[in-house]
Amino acid sequence: MTLESPHPATQTPSPTPKAPARPAPGNRVYNFTAGPATFPLEVMEQVREDLHDYGGLGAGIAEISHRSQEFKDIIEEGEALLHELMDIPDDYRVLFCHGGGQLQFSMVPLNLIGLKPARKALYVDSGSFASRAADIATRYGYVHVPAHSRETDYDRVPKLDAEILHQDASYLHITSNNTAMGTCWRDIPHTGPLPLVADMTSEILSRVVDVRRFGLIYAGAQKNLGPSGLAMVILRKELLGHSLPGTPQLLDYTSLASDRHSMGNTPSTLSIYMMLLILRWVKEKGGVSAMEKTNAEKAALLYRVIDGSGFYRGFALPGHRSPMNVTFDLPDAALCARFVAEALEAGLYGLAGHRARGGVRASIYNAMPMGGPALLAEFMTAFERANG
């Protein structure tokens with residue numbers, strides 16, 4: 001969104017007062033990128049140590065066999081912690097898949113669109129990734145979009161009327177948090193017997209959700225779970241066994257589930273190990289409910305500045321705002337570019353908006369400490385004072 005500048009063309013904006021020095025240790029920045037995203041510092045320090053020598057083996061964590069007892073202990077603890085932290089019932093399976101979140105755009109229809117003879121799936125279009133997921137699903141069956149927010153440039157989550165859900169459909173797909181647009185589903189829709197599938201890539205473990213409401217949840221790791229290239233899938237066991245003919249083995253949930261730990265092929269061992277460290281960290285910090293409380297406080301710091309300003313304009317409607325991805329615009333593109341550049345000088349990294357919509361985006365996932373949004377809010381106030 002490009003708005004008219006309040007400044008005459010001949011006026012040169014005043015220099016923005018410098019924000020406080022970059023955060024410790026050393027020259028580390030506050031990393032607001034949307035993914036791959038920031039990690040807890042203590043996790044990175046542990047990984048640095050274990051890359052050289054894991055548990056006194058004399059071999060690094062990235063070198064050990066996925067069939068070793070050491071890795072078996074890692075993946076078993078990781079699965080157990082996911083069940084504990086998310087209260088995953090016994091009739092669900094946790095799978096670890098290659099390819100990250102976007103490979104699930106194909107894996108979901110390959111495995112679920114054949115649940116009913118019509119080979120139909122429903123996709124709610126609430127943003128760029130939701131739209132992409134729906135488009136890819138058309139390769140495997142018929143896709144119907146029962147609700148979308150395209151006409152308002154995805155500034156809200158569309159209203160979904162349960163009365164228009166097609167009962168001959170195999171599943172309904174939503175993107176629970178829209179990373180590019182900064183919107184999220186505050187209230188998860190009720191779909192009755194129709195399996196609900198959710199892409200939770202950019203909000204997994206950030207708030208308490210009732211897993212029982214979903215047939216399948218998937219999440220790319222690179223926001224709140226670990227490094228990129230890994231996806232975690234939680235699915236109800238009764239949905240296994242319906243893959244389309246010709247589904248490749250590594251894309252077949254049933255094939256992955258036939259091995260106790262998704263190890264029909266060598267899994268992303270380092271990524272799964274880092275995920276375990278993050279799950280331990282989440283538990284140590286008080287679990288998902290504690291994450292949710294802290295995330296709301298972090299987001300409130302930024303939304304207060306936006307709402308109290310005539311200079312910044314929030315993109316997402318207030319009732320649809322994401323606690324994970326705060327999106328906003330400045331009066332014009334030049335000021336926006338200047339904001340991002342000067343923010344980087346102040347130790348605030350990765351604030352450029354997604355290429356689909358521009359502007360500014362601050363991604364404040366679980367690992368972002370409170371100091372990051374606090375410093376950004378201070379910088380925003382100073383920048384407005386100098387340029388508004």
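Tally time: how many residues in the stretch 342-367 are crowded, with 17+ Cβ neighbours inside 10 Å and part of a helix (DSSP H, G or I)? Walk me through how you get there before you give the answer.
First, pick out the residues of the stretch 342-367 that are crowded, with 17+ Cβ neighbours inside 10 Å: 342-343, 346-354, 357-367.
Now drop any that are not part of a helix (DSSP H, G or I), which leaves 342-343.
Qualifying residue count, the stretch 342-367: 2.
Out of ALA219, ALA231, ALA296, ALA300, which single residue is among the hydrophobic types (A, V, I, L, M, F, W, C), surrounded by fewer than 17 Cβ atoms within 10 Å (Cβ to Cβ) and either in contact with a helix residue (DSSP H, G or I) (Cβ under 8 Å, 6 or more places away or on another chain) or without any contact (Cβ under 8 Å) to a residue 12 or more places away in the chain (or both)? First the steps, then the outcome.
Values: ALA219 fails: surrounded by fewer than 17 Cβ atoms within 10 Å (Cβ to Cβ); ALA231 fails: surrounded by fewer than 17 Cβ atoms within 10 Å (Cβ to Cβ); ALA296 fails: either in contact with a helix residue (DSSP H, G or I) (Cβ under 8 Å, 6 or more places away or on another chain) or without any contact (Cβ under 8 Å) to a residue 12 or more places away in the chain (or both).
Testing whether each residue is among the hydrophobic types (A, V, I, L, M, F, W, C), surrounded by fewer than 17 Cβ atoms within 10 Å (Cβ to Cβ) and either in contact with a helix residue (DSSP H, G or I) (Cβ under 8 Å, 6 or more places away or on another chain) or without any contact (Cβ under 8 Å) to a residue 12 or more places away in the chain (or both) leaves just ALA300.
For PHE96, state whether it is assigned to a helix (DSSP H, G or I), touching a residue at least 40 places away in the same chain (Cβ under 8 Å), in the same structural domain as GLY229 (by TED's automatic domain parsing) and closer than 17 Å to GLY226 by Cβ. Spell out the reasoning first.
Details: assigned to a helix (DSSP H, G or I): no; touching a residue at least 40 places away in the same chain (Cβ under 8 Å): yes; in the same structural domain as GLY229 (by TED's automatic domain parsing): yes; closer than 17 Å to GLY226 by Cβ: yes.
No: the conditions fail for PHE96.
Please verify whether the stretch 332-341 includes one or more residues that are touching a helix residue (DSSP H, G or I) at 6+ places or on another chain (Cβ under 7 Å) and assigned to a loop (DSSP other than H, G, I, E, B).
Pass one, the stretch 332-341, residues touching a helix residue (DSSP H, G or I) at 6+ places or on another chain (Cβ under 7 Å): 335, 339.
Going one step further and asking which of them are assigned to a loop (DSSP other than H, G, I, E, B), we end up with none.
No, every residue in the stretch 332-341 fails to be touching a helix residue (DSSP H, G or I) at 6+ places or on another chain (Cβ under 7 Å) and assigned to a loop (DSSP other than H, G, I, E, B).
ALA134 - would you say it is farther than 24 Å from ASP252 by Cα and buried (at least 16 other Cβ atoms within 10 Å of the Cβ)?
On the way: farther than 24 Å from ASP252 by Cα: no; buried (at least 16 other Cβ atoms within 10 Å of the Cβ): yes.
Considered against the rule, which asks whether it is farther than 24 Å from ASP252 by Cα and buried (at least 16 other Cβ atoms within 10 Å of the Cβ), ALA134 comes out as no.
Kindly list, by first and then second residue, each pair from a residue in the stretch 110-134 that is over 25 Å from PRO245 (Cα atoms) to a residue that is among the small types (Gly, Ala, Ser) and part of a loop (DSSP other than H, G, I, E, B), limited to pairs with Cβ atoms under 6 Å and residues at least 6 apart or on different chains.
VAL124/ALA147; SER126/SER149; GLY127/ALA180; SER128/ALA180; SER128/ALA356
Go through LEU235, LEU276, LEU244 for me and flag whichever is outside the structural domain of MET368 (by TED's automatic domain parsing), of a type in the set (A, V, I, L, M, F, W, C) and in contact with a strand residue (DSSP E or B) (Cβ under 9 Å, 6 or more places away or on another chain).
Numbers: LEU276 fails: in contact with a strand residue (DSSP E or B) (Cβ under 9 Å, 6 or more places away or on another chain); LEU244 fails: in contact with a strand residue (DSSP E or B) (Cβ under 9 Å, 6 or more places away or on another chain).
The conditions single out LEU235.
Among the listed residues ILE204, ILE188, ILE174, which satisfies the condition of being touching a residue at least 24 places away in the same chain (Cβ under 8 Å), assigned to a loop (DSSP other than H, G, I, E, B) and closer than 19 Å to GLN102 by Cβ?
Working: ILE188 fails: closer than 19 Å to GLN102 by Cβ; ILE174 fails: assigned to a loop (DSSP other than H, G, I, E, B).
After ruling out the rest, the residue left standing is ILE204.
Being in contact with a helix residue (DSSP H, G or I) (Cβ under 8 Å, 6 or more places away or on another chain), at pLDDT 95 or above, surrounded by fewer than 21 Cβ atoms within 10 Å (Cβ to Cβ) and not aromatic (Phe, Trp, Tyr) narrows it down to one residue among ARG139, ARG186; which is it?
Values: ARG186 fails: at pLDDT 95 or above.
None of the other options fit; the residue is ARG139.
Evaluate the stretch 304-315: report whether one residue or more is outside any loop (DSSP other than H, G, I, E, B), modelled with pLDDT under 95 and surrounded by fewer than 20 Cβ atoms within 10 Å (Cβ to Cβ).
No, every residue in the stretch 304-315 fails to be outside any loop (DSSP other than H, G, I, E, B), modelled with pLDDT under 95 and surrounded by fewer than 20 Cβ atoms within 10 Å (Cβ to Cβ).
Go through (1) over 19 Å from ALA62 (Cβ atoms); (2) part of a loop (DSSP other than H, G, I, E, B) one by one and return the number of the condition HIS261 breaks.
Just one mismatch for HIS261, condition (1).
Do the conditions hold for ARG321, that is, is it touching a residue at least 60 places away in the same chain (Cβ under 8 Å) and touching a Gly at 6+ places or on another chain (Cβ under 9 Å)? Steps first, please.
Values: touching a residue at least 60 places away in the same chain (Cβ under 8 Å): yes; touching a Gly at 6+ places or on another chain (Cβ under 9 Å): yes.
Spelling it out, ARG321 is indeed touching a residue at least 60 places away in the same chain (Cβ under 8 Å) and touching a Gly at 6+ places or on another chain (Cβ under 9 Å).
Out of the residues in the stretch 243-285 that are hydroxyl-bearing (Ser, Thr, Tyr) and touching a His at 6+ places or on another chain (Cβ under 7 Å), state the one that is nearest to PHE105 (Cα to Cα). Spell out how you get there, then give the answer.
So the first thing to find is which residues in the stretch 243-285 are hydroxyl-bearing (Ser, Thr, Tyr), and the list is 243, 247, 253-255, 258, 262, 266, 268-269, 271, 273.
Still in the running and touching a His at 6+ places or on another chain (Cβ under 7 Å): 266, 268-269.
Details: THR266: 22, SER268: 19, THR269: 23 Å.
Checked the stretch 243-285; the qualifying residue nearest to PHE105 (Cα to Cα) is SER268.
Counting just the residues of the stretch 169-180 that are over 17 Å from ALA121 (Cβ atoms) and out of contact with any Asp or Glu (no Cβ under 7 Å at 6 or more places or on another chain), which one comes out surrounded by the most Cβ atoms within 10 Å (Cβ to Cβ)?
Looking at residues that are over 17 Å from ALA121 (Cβ atoms) and out of contact with any Asp or Glu (no Cβ under 7 Å at 6 or more places or on another chain), I get ASN178.
The values are calculated or read from the model by the stated rules, or taken from the named source; none is laboratory data. Computed from a prediction, not measured in an experiment: that's the story for all the values here. With ideal geometry, Cβ positions are generated from the backbone for all residues, glycine too; neighbour counts draw on all protein chains shown.
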